[in-house]
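Here is the structure we will look at, set down as structure tokens.
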Amino acid sequence: MQNNRNQILQWAESGQFEEQEIDQVILVAQAEPQPTEWIDFLKMGLLWSAMISLCCGVIFFFAYNWQDMGRFTKFTLVEMVMVMSTLAYIRIASTKTLTSATLMGMTLFTGALLALVGQTYQTGADPWQLFAAWGLLMLPWAFVARASSLWIVWVALVNLSVALYLEISHGIFGILFTEEVGIWVFALLNSLLLCGFEYRSFVQIRISAKNKKMSEISNRYVNQLLAVIAGAATTFLALWSIFEYKVELVGFVFYVLWVAAAFYIYRYKIRDLFVLSAVSLSVIVVIISLLVKAIDNSMDDGGFLLISFAIIGLSTLAGIWLKNLSKEFNQSPNDTGSTDLNDTQAEDL
């Protein structure tokens with residue numbers, strides 16, 4: 001449906017019919033969302049809202065009645081809810097959306113159970129261990145569900161556990177966990193995870209294309225999230241190299257290599273306009289930072305005016321380039337070595 005609408009807008013831009021006729025053409029081509037599609041959207045939204053509300057209700061129930069319940073009652077109630085979720089999953093295993101929502105509930109209940117164990121027995125474990133164990137225990141369910149929502153939660157748990165570990169630990173293997181080292185950890189960790197998820201997407205595409213089932217291709221929300229986190233950490237490394245008095249070129253060189261690799265992969269191989277937009281923003285930030293650093297000693301009204309013009313000019317050029325790139329992605333057929341995934345967002349939340 002979205003492809004038909006984009007095609008009609010492209011025809012209008014090329015002058016094949018007048019802009020006043022766009023609404024009529026869209027209506028005739030049935031490029032607008034149909035009532036059944038709106039109903040499916042509302043069903044999915046209500047399903048996920050109900051599941052998240054149920055999990056939050058159970059968690060807040062324990063928090064409110066913590067002093068009035070014994071430990072046996074607490075564990076019994078949580079485990080009963082998890083058993084009921086497991087039975088529900090077995091019963092509706094053929095429906096992907098329902099199973100994904102059920103596994104999300106089991107994931108949240110697992111976190112509640114781990115927090116209950118820590119609070120009841122006062123294990124003395126550090127906070128990062130809770131989130132690390134939570135992410136490890138939910139990993140099989142993420143593989144089973146193959147849903148972006150579960151993978152997003154898993155990525156958040158991994159990054160949160162690493163952040164908490166770096167906060168309380170002073171170092172490992174002789175490496176001190178300074179602020180710069182922490183940024184390096186996030187940049188490398190999320191870059192490696194991004195490579196893994198991109199390889200997973202590549203395998204899915206090849207299998208789906210071989211079986212002629214393109215609807216089974218998963219969306220790219222997790223890949224894009226990892227790209228944003230890794231890109232942000234890499235950008236911080238470049239800014240660290242620019243503004244530190246002791247210039248360290250390793251971070252800046254890593255940033256240049258990361259941006260070059262991201263540009264080549266997401267421009268010619270995978271064609272992800274969202275990631276290219278994030279890369280463009282990162283490049284603008286770094287260029288402006290270099291300009292600020294260059295005129296730092298003579299910063300006056302003229303310097304601020306120059307920086308303002310630079311921001312406006314770079315933003316305009318990036319917008320024009322991304323707009324032309326969007327047209328190219330939509331108009332040109334896919335090469336054998338490239339894959340356009342902007343319109344393959346399957347409903348696998």
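Give the residues of region 279-317 that are of a type in the set (G, A, S) and free of Cβ contacts under 8 Å to residues at least 40 places away in the same chain, sorted by residue number. Spell out how you get there, then give the answer.
Here is the first cut: in region 279-317, the ones of a type in the set (G, A, S) are 280, 282, 289, 294, 298, 302-303, 308, 310, 313, 315.
Of everything in region 279-317, those that are of a type in the set (G, A, S) and free of Cβ contacts under 8 Å to residues at least 40 places away in the same chain turn out to be A294, S298, G302, G303, S308, A310, G313, S315.
Which of the following residues is at positive phi and of a type in the set (D, E, K, R): R91, R146?
Result of the check over R91, R146: R146.
Restricting to region 91-121, what's the tally of residues that are more than 19 Å from L137 (Cα to Cα) and of a type in the set (A, V, I, L, M, F, W, C)?
3
Quick one: would you say L257 is surrounded by fewer than 18 Cβ atoms within 10 Å (Cβ to Cβ) and either closer than 15 Å to S241 by Cβ or touching a Ser or Thr at 6+ places or on another chain (Cβ under 6 Å) (or both)?
For L257, the condition - surrounded by fewer than 18 Cβ atoms within 10 Å (Cβ to Cβ) and either closer than 15 Å to S241 by Cβ or touching a Ser or Thr at 6+ places or on another chain (Cβ under 6 Å) (or both) - is met.
Test T97 against the stated conditions and say whether it is over 24 Å from G111 (Cβ atoms) and either in contact with a His (Cβ under 9 Å, 6 or more places away or on another chain) or modelled with pLDDT under 80 (or both).
no
Which pairs do you get when a residue that is farther than 14 Å from F60 by Cβ and in contact (Cβ under 8 Å) with a residue 24 or more places away in the chain, found in region 100-117, comes within reach of a residue that is outside any helix (DSSP H, G or I) and among the charged types (D, E, K, R), reach meaning Cβ atoms under 9 angstrom, with the pair 6+ apart or on two chains?
Listed by first residue and then by second, the contacts come to S100/R146; S100/D348.
Could you run through region 68-117 and say how many residues are in a helix (DSSP H, G or I), among the small types (G, A, S), over 14 Å from L150 (Cβ atoms) and touching a Ser or Thr at 6+ places or on another chain (Cβ under 9 Å)?
Number of matching residues: 1.
Would you mention how many residues in region 121-152 are exposed (fewer than 14 other Cβ atoms within 10 Å of the Cβ) and among the β-branched types (V, I, T)?
1
I270 is checked against (1) more than 18 Å from the chain's Cα centre (by Cα); (2) among the aliphatic types (A, V, I, L, M); (3) more than 18 Å from A233 (Cβ to Cβ) and fails just one. What number does that condition carry?
(1)
Let's see how each residue does on (1) at pLDDT 80 or above; (2) in contact with a Phe, Trp or Tyr (Cβ under 6 Å, 6 or more places away or on another chain); (3) surrounded by 13 or more Cβ atoms within 10 Å (Cβ to Cβ); (4) within 17 Å of S161 (Cβ to Cβ):
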position	(1), (2), (3), (4)
I39	yes, no, no, no
I59	yes, no, yes, no
W66	no, no, no, no
F75	yes, no, yes, no
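Would you check if there is a residue in region 202-212 being at pLDDT below 85, over 24 Å from L237 (Cβ atoms) and assigned to a loop (DSSP other than H, G, I, E, B)?
yes
The values are calculated or read from the model by the stated rules, or taken from the named source; none is laboratory data. Because the structure is predicted, anything quoted here is derived from the model rather than measured. Ideal geometry is used to build each Cβ from the backbone, glycine not excepted, and the neighbour counts take in all protein chains shown.
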